[in-house]
């Protein structure tokens, strides 16, 4: 399947969210809400909506990762609109099993696609990149995924360049994000590139996204690092330093003393 050539730059963009049974709800709901709000912001300015959202998959009736039953999902289309963004999302667990019949059907459909800049572009959230790798769509691409799936992604597609600890990575026509909330960051970035920074800022404000993360930001927050211990006093110190970094010098002698006495 190849999309038509020479799409108009201002043509509505069809965004296909390809869903499987157990698809992670926030992986698709967060980016979809960002696009809905972008359309709303455009219409408030007297402009036409830019994005047409469609939810497709091999099963018309399925249950999401949180147990919500989804119905009315469209069949995987035989032809594609131009331009199209295809969104692949993750599944629960630390590994992706490709043995299920629905997943096999999705992979078969994906293998018939040809990605082309501004015509058919791929967006992956979390382990959606692993699905894309199984379909042969990531050869020699720079991509990222959730930190639990980095080794798996490299094993599935050895020729791709796996970028660790990154919120999202651009290698057009492939755009990959680390997972869950980073799908919102990536979609805000794509909205900014398509509709302008002002619209993206309105979307972020409406969604109460305190700070938009970019392609150079790490996936793993420094505020969550080094918390794999159980000492409540250290947790309180870490919280104090995180809220007021200027106080780090005050706590340094105490931390060194604790380390010497208890080998924390």
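Since every read-out is calculated from the coordinates, none of them should be taken as a lab result. Everything numeric in this text was worked out from a predicted model, so none of it was measured. We place every Cβ from the backbone using ideal geometry, glycine too, and count neighbours over all the protein chains shown.
One table, with the values for the structure above:
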read-out: Residue ID - surrounded by the most Cβ atoms within 10 Å (Cβ to Cβ), chosen from residues in the range 78-104 that are within 30 Å of residue 196 (Cα to Cα) and out of contact with any helix residue (DSSP H, G or I) (no Cβ under 9 Å at 6 or more places or on another chain); value: 83
read-out: Condition broken by residue 30, with the remaining ones in (1) out of contact with any helix residue (DSSP H, G or I) (no Cβ under 7 Å at 6 or more places or on another chain); (2) touching a residue at least 12 places away in the same chain (Cβ under 8 Å); (3) part of a helix (DSSP H, G or I); (4) within 15 Å of residue 87 (Cα to Cα) satisfied; value: (1)
read-out: All helices (runs of 4 or more DSSP H) inside the range 109-208 with 1 or more residues being closer than 25 Å to residue 50 by Cβ and in contact with a strand residue (DSSP E or B) (Cβ under 8 Å, 6 or more places away or on another chain); value: 128-134, 182-195
